[in-house]
Amino acid sequence: MNVNQQVSGNYHGQQFSGVIAEMRALTVKTDGCFEYMVALAQPLTVYGTERTRLCLCAKFDGTPSSYTNHTDALVAA
């Protein structure tokens, strides 16, 4: 995954699509987890709050990371 790449995925059980606006490797010991800031194509309501951006953690290839108990994932669109 790279900045400005179109992605879709799963965030807390909800489907989303958007563009990676920012990303960084986590500095704590993980299984290779990255933090991604995704600008959403359509707003998503999470826990009662409408969001236009998501901050989620996944491995560089977008697969779920054990850092977040394997809940979030990204795939290139």
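What follows is calculated from the coordinates using simple rules that are stated; it is not laboratory data. Source: prediction; values computed, not measured. Backbone-built Cβ (ideal geometry, glycine too); neighbour counts: all protein chains shown.
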Cβ contacts < 6 Å: first residue over 19 Å from residue 49 (Cβ atoms), restricted to the stretch 9-24; second residue of a type in the set (Asp, Glu), any location; separation 6+ or different chain. Result? 24/35
Would you check if there is a residue in the stretch 33-47 being over 19 Å from residue 75 (Cα atoms) and surrounded by fewer than 13 Cβ atoms within 10 Å (Cβ to Cβ)? yes
State which residue is nearest to the chain's Cα centre (by Cα) when the search covers only the stretch 5-32 and only residues that are surrounded by 15 or more Cβ atoms within 10 Å (Cβ to Cβ) and in a loop (DSSP other than H, G, I, E, B). 5
Could you tell me whether the stretch 61-69 includes any residue that is on the phi > 0 side of the Ramachandran plot and surrounded by fewer than 12 Cβ atoms within 10 Å (Cβ to Cβ)? yes
